[in-house]
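All remarks here apply to the structure that follows.
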Amino acid sequence: MQNDYLLNVKHLTTRFHTPRGVAHAVNGVSFGMYPGEILGVVGESGCGKSVTAQSVMRLIPEPPGRIEKGEILFGGMDLAALTLRQMRKIRGDRISMIFQEPMTSLNPLKTVGKQIGEVYALHRGVSKKESLDKAMEMLEKVQVPEARRRVTEYPHQLSGGMRQRVMIAMALACDPEILIADEPTTALDVTVQAQIMDLMLKLQDQHKTAIMMITHDLGIIAEMANRVVVMYAGRIVESASTRVLFHETGHPYTKGLMNSVPVIGAKDAAGNSRLTEIPGMVPSLYELPEGCSFAPRCPHQNKRCRTELPPLFTVSPGHDVRCWLCESACEKGAVA
């Protein structure tokens, strides 16, 4: 099945060398994406989701960051081994990214039409006039009203939802094979979030683009994703199809994320409506625990958890869990 992957990330390891020490941001992460699928990547802030995406896009600032190990296989190439000049030809053309905050990602000194048009000029070599015409077509495709007028406006003249639509238009301009969406709805209100998600699903269906959806919102994952990767402290702790993850949750951390989702009217055994929370804090990436990184917060931890890092166990086909509790349920032995 790995031969069918559009993107195959193997043992990706990214570090940040700072005056404070070495931050172990991504630690041996492996996953694949199939053509046309939506892969959800979830976890708390600081778990390595965005750094993983930025590593795939080769957007890690060097220094202090560095991809120290691993392969990022795409289209017969290892993206981790390409020069930045070679990577620029792929970035924005075959692989695109929607960033978390469009206001800081868009250039405030250029109109949105020019910014979208630059993608066509760079990767398709079209004229200035044709690039603006195509920019207007893309704004219409992402349902921006009065597109002819909007191409002449600057980012600060648009609402948050409109700016995010501009980012989507820019990302999809060249019909990429992979779209990485890093928290694309975080700064938007609920109504606009729903509109953006619906828009992305429609465009994904039209363009057959594979999407990596990075989010902490399990509701978005349940609605959109085909498969899910759960990250904690720079490692994958569970991966499965969306249905399996929600109905046969294996890792205590994933269970904690599920239980922390607010449910209207839900009460605990004492009749209180207090939200369930995961105790403790995410460990510092400068000083990761010796064993399982989640052990200090886990209600099921034991001595082995505190001293030995568990591998990923395959508990059922396509369902991998990094937890010693799953060792007895493992079908084929550890996979990583």
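Placing unit charges on the Cβ atoms only, positive for Lys and Arg and negative for Asp and Glu, gives segment 126-188 a dipole magnitude near 320 debye about its Cα centre.
Taking 7 Å steps out from each Cα toward its Cβ at Ser241 and His11 produces label points 3.0 nm apart. A simple packing score, the average count of other Cβ atoms within 10 Å per residue, orders the peptides 216-222, 303-309, 319-325 as 319-325, 216-222, 303-309, with the highest score first. The C-alpha atoms of the chain define a longest principal axis, and helix 128-141 lies at about 50 degrees to it. Only Lys, Arg, Asp and Glu carry charge here, each on its Cβ (+1 for the first two, -1 for the last two); on that basis the chain has a dipole of about 720 debye about its Cα centre. Legend: P(r) of segment 5-76 from all alpha carbon pair distances, 5 Å bins from 0, whole percents, reading 4, 15, 26, 26, 16, 8, 3, 1, 0. Against the main long axis of the alpha-carbon atoms of the chain, helix 160-172 sits at an angle near 80°. For segment 149-211, the C-alpha radius of gyration divided by 2.2 N^0.38 Å, with N the number of residues, is 1.13.
Centre-to-centre separation between the Cα atoms of segment 17-46 and those of segment 133-148: 34 Å. About its Cα centre, the dipole of segment 156-255 is roughly 80 debye, where the only charges are +1 on Lys and Arg Cβ and -1 on Asp and Glu Cβ.
Translational diffusion coefficient of segment 18-139 (Stokes-Einstein, Kirkwood radius from Cα pairs, 10 °C, 1.306 mPa s): 94 µm²/s. Each of Gly160, Gly280, Thr185 was placed along the dipole of the chain (beta-carbon charges, centred on the mean Cα), and the one lying farthest toward the positive end is Gly160. Within the set Lys114/Lys208; Lys49/Lys303; Lys10/Lys202; Lys10/Lys110, which residue pairs have Cα atoms separated by over 32 Å? Correct reply: Lys10/Lys110. Every helix of 4 or more DSSP H residues in the chain counts as -39500 (n - 2.57), and over all residues that averages to -9000 deg cm²/dmol at 222 nm. Between the residues Ile72, Ala210, Gln301, the greatest Cα displacement towards the positive end of the dipole of the chain, with unit charges on the Cβ of Lys, Arg, Asp and Glu, is found for Ile72.
A convex hull fitted around the alpha carbon atoms of the chain yields 153 Å³ per residue. The accessible area of Cys326, taken with all protein chains in place and a 1.4 Å probe, comes to roughly 20 Å².
The values are calculated or read from the model by the stated rules, or taken from the named source; none is laboratory data. This structure is a prediction, so every number in the text was calculated from the model and none was measured. Neighbour counts are summed over all protein chains in view; Cβ atoms, including those assigned to glycine, are modelled from backbone coordinates with ideal geometry. When the accessible area is computed, the model is the full protein with side chains, heavy atoms only, and any ligands, DNA or RNA have been set aside. Shrake-Rupley method; radii C 1.70, N 1.55, O 1.52, S 1.80 Å.
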